[in-house]
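Working notes for the structure below.
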Amino acid sequence: MVSDRAPALGVHRFWARLRPVVVPVVLFLAIALPHIDQGAFRTDTGRYGAIGLEAVTRLLAGDLGSFFTLHAPPGEVYFNKPPLGIWIHGFVLKLLGPEVWAARLPTLFAAAVCVGLTVSIARRLTSAQLGLVAGLLLAMTYEFFRRVREISLDMWQLLFVLAAMWFVVRAVRSGKASWAVACGVPIGLALMTKPLVGLVALPILAGWAAWRGGMRIGAATLGGVVPALVVGLPWHLAMHVIHGDLFLDLYFGREIASRAAGEMETDPWWYYAPVLASSAPFLLGLVFSCVQWKRGRLRREAVDLVSLGLFWSGVWLLLISLFSDKSPRYALLVHPGVALAAAPGVVWAVHGLSRSLARRAGVLAAPVAAVAGLVFALAPVRVQPGPHERWTGLFAWLRDNNVEQAWVGGDDVVGMGYPKAARVYLELGWWPKMPEGRAFESGDVQLYHTPRARQWMRPEEQIVYEAGELFITVWAPDQNRSEPSSDGVISGG
């Protein structure tokens, strides 16, 4: 006779295995998902979204070459980044439409997978409890969850290098070097997301693997460079074959060398200290972990976890601090390491206060987070400002006048030619084009967006819409140039 309790026990065991992943992911979604539709296509979100959408549109039209060679407004090849992350967002925008929330969904998905991978890594090294805590710490890190409000190639890169870490951890635990070599596959995907950074993860992981798992596992981890190149090298070679020195100059020269040399921006080496201090209040847990390790109160498994987190976050923090170009988004690589290393310290501190409270928190975290997230989603709260009135006014003018093609005013490629031109494409479906010596005709429309744009205006241009630094002119060769206050000019907000 089969007991009626057997199915219940099966469900209980299934939930017990699933809970360490579900609870942090639900908490993360409760924090990051509400009001994801707020905001606008600003900076990288507009740029990458438009480039990806155009690439997918060209692919569906049968233009395979323009899918593999990305193009940026106003029609130039785009080699600043490899295409994988941009493709992913482009497919989603093509499927769901060019909406802000659709552009952010892939980043949200990638971040949720990062939380799950963090749980799995800690769980495989130690226990389900520490896995759950590590996932909760990452999910609640401000500088981590706020990245879902944009198209973040750094988040996709983080997903792939965390997947590589998972393979290495499995190799250390099982003693099978094949798992370590396999870490090169996600590293190759990282190389297809951002230039070269993924390769740096291999020696970091190899150093820890050799320390905690032996030289054989460490060497096998370095051997992951082979599958990494198998995955990541073909596109790079193809671009060099097709575009020659242009690809090398734009990809390795403009994007990588100029950033490393500090030509784009330079910040002090301690730039990331306030970033980490403000976004990771769990650093105190990391201190507790180190104290417990020094006192010999951590089991070997917990030592493996703390050492992995410290080594990973410490090396990445050093590298990005030495790199001339700095940004809070680069610190994404650091946050999972902090969460892993801090988890034992947080558990020790909470258990020291109340073991029953810790158990209840683990049980109630998911439903409480889900309810709180639902309440926050329904609340009329403005998380991000929407499109500025000057842009909505510009789009309205172009629609009302049935404009299906416009030109970048004068030499305004910086002001209108990149992310701002991408916003026009995402809203109206066409790119503003560069004039490139074109002989203008009566009725041609030009778009300007920069304080110094007026110096490029010609006498034949009439201003028909103006809102701050943004304005539209129409080519009217039979009339004198008008000033912003002239009759017929539409003023925006």
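The values are calculated or read from the model by the stated rules, or taken from the named source; none is laboratory data. Just so we're clear, the structure is a prediction, and the values are computed from it rather than from any experiment. Because the Cβ atoms are built from the backbone with ideal geometry, glycine has one as well, and the counts that use them run over all protein chains shown. When the accessible area is computed, the model is the full protein with side chains, heavy atoms only, and any ligands, DNA or RNA have been set aside. Shrake-Rupley method; radii C 1.70, N 1.55, O 1.52, S 1.80 Å.
Take the residues of the range 179-198 that are modelled with pLDDT of 95 or more and open to solvent by 40 Å² or more (accessible area, probe 1.4 Å): which is farthest from residue 308 (Cα to Cα)?
If we take residues in the range 179-198 being modelled with pLDDT of 95 or more and open to solvent by 40 Å² or more (accessible area, probe 1.4 Å), then 189 is farthest from residue 308 (Cα to Cα).
Given the condition of a type in the set (Gly, Ala, Ser) and within 25 Å of residue 409 (Cα to Cα), answer yes or no: does some residue in the range 79-90 qualify?
No; the residues of the range 79-90 include none that is of a type in the set (Gly, Ala, Ser) and within 25 Å of residue 409 (Cα to Cα).
Quick check on residue 227: is it closer than 24 Å to residue 165 by Cα and either free of Cβ contacts under 8 Å to residues at least 40 places away in the same chain or not in a helix (DSSP H, G or I) (or both)?
no
Going through 70, 53, 138 one at a time, which residue ends up being of a type in the set (A, V, I, L, M) and farther than 22 Å from residue 431 by Cα?
Selected residue: 138, the only one of 70, 53, 138 that is of a type in the set (A, V, I, L, M) and farther than 22 Å from residue 431 by Cα.
Residues in the range 237-245: is at least one open to solvent by 70 Å² or more (accessible area, probe 1.4 Å), at pLDDT below 95 and among the charged types (D, E, K, R)?
yes
So which of 279, 313 is at pLDDT 85 or above and not β-branched (Val, Ile, Thr)?
Exactly one of 279, 313 is at pLDDT 85 or above and not β-branched (Val, Ile, Thr), namely 313.
Can you list the helices (runs of 4 or more DSSP H) lying wholly within the range 28-96 that have 3 or more residues being in contact with a strand residue (DSSP E or B) (Cβ under 9 Å, 6 or more places away or on another chain), open to solvent by less than 20 Å² (accessible area, probe 1.4 Å) and closer than 30 Å to residue 436 by Cα?
43-60
Given the condition at pLDDT 95 or above and not hydrophobic (A, V, I, L, M, F, W, C), answer yes or no: does some residue in the range 158-173 qualify?
Yes, the conditions are met somewhere in the range 158-173.
Residue by residue, here is whether (1) within 19 Å of residue 144 (Cα to Cα); (2) of a type in the set (Ser, Thr, Tyr); (3) assigned to a helix (DSSP H, G or I); (4) open to solvent by 60 Å² or more (accessible area, probe 1.4 Å) holds:
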position: 298; (1), (2), (3), (4): no, no, no, no
position: 311; (1), (2), (3), (4): no, no, yes, yes
position: 320; (1), (2), (3), (4): yes, no, yes, no
position: 326; (1), (2), (3), (4): yes, no, no, no
position: 332; (1), (2), (3), (4): yes, no, yes, no
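Checking residue 449 against (1) within 29 Å of the chain's Cα centre (by Cα); (2) more than 23 Å from residue 52 (Cα to Cα); (3) at pLDDT below 60, only one condition comes out false. Which one?
Going through (1) within 29 Å of the chain's Cα centre (by Cα); (2) more than 23 Å from residue 52 (Cα to Cα); (3) at pLDDT below 60 one by one, residue 449 breaks only (3).
Output the helices (runs of 4 or more DSSP H) that fall wholly within the range 141-187 and possess 3 or more residues being more than 10 Å from the chain's Cα centre (by Cα) and within 14 Å of residue 114 (Cα to Cα), or say none.
153-174
Just checking, does the range 144-160 include any residue being hydroxyl-bearing (Ser, Thr, Tyr) and open to solvent by 20 Å² or more (accessible area, probe 1.4 Å)?
no
Before we move on, is residue 118 outside any helix (DSSP H, G or I) and on the phi < 0 side of the Ramachandran plot?
So residue 118 fails the test.
Give, as residue ranges, the helices (runs of 4 or more DSSP H) completely inside the range 345-436 that count at least 3 residues that are in contact with a Lys or Arg (Cβ under 6 Å, 6 or more places away or on another chain) and at pLDDT below 75.
So the answer is none; nothing clears 3.
Restricting the range 1-27 to residues that are surrounded by 15 or more Cβ atoms within 10 Å (Cβ to Cβ) and not aliphatic (A, V, I, L, M), which is modelled with the highest pLDDT?
Once the filter is applied, the top-ranked residue is 24.
Quick one: residue 137 ticks every box in (1) within 16 Å of residue 23 (Cα to Cα); (2) surrounded by 24 or more Cβ atoms within 10 Å (Cβ to Cβ); (3) at pLDDT 95 or above; (4) not β-branched (Val, Ile, Thr) bar one, so which box is it?
So residue 137 meets the others, but not (3).
Which pairs have Cβ atoms under 7 Å, sit 6 or more apart or on different chains, and link a residue in the range 31-49 that is farther than 14 Å from residue 81 by Cα and hydroxyl-bearing (Ser, Thr, Tyr) to one that is modelled with pLDDT under 85 and open to solvent by less than 40 Å² (accessible area, probe 1.4 Å)?
Matching pairs, first to second residue: 43/419.
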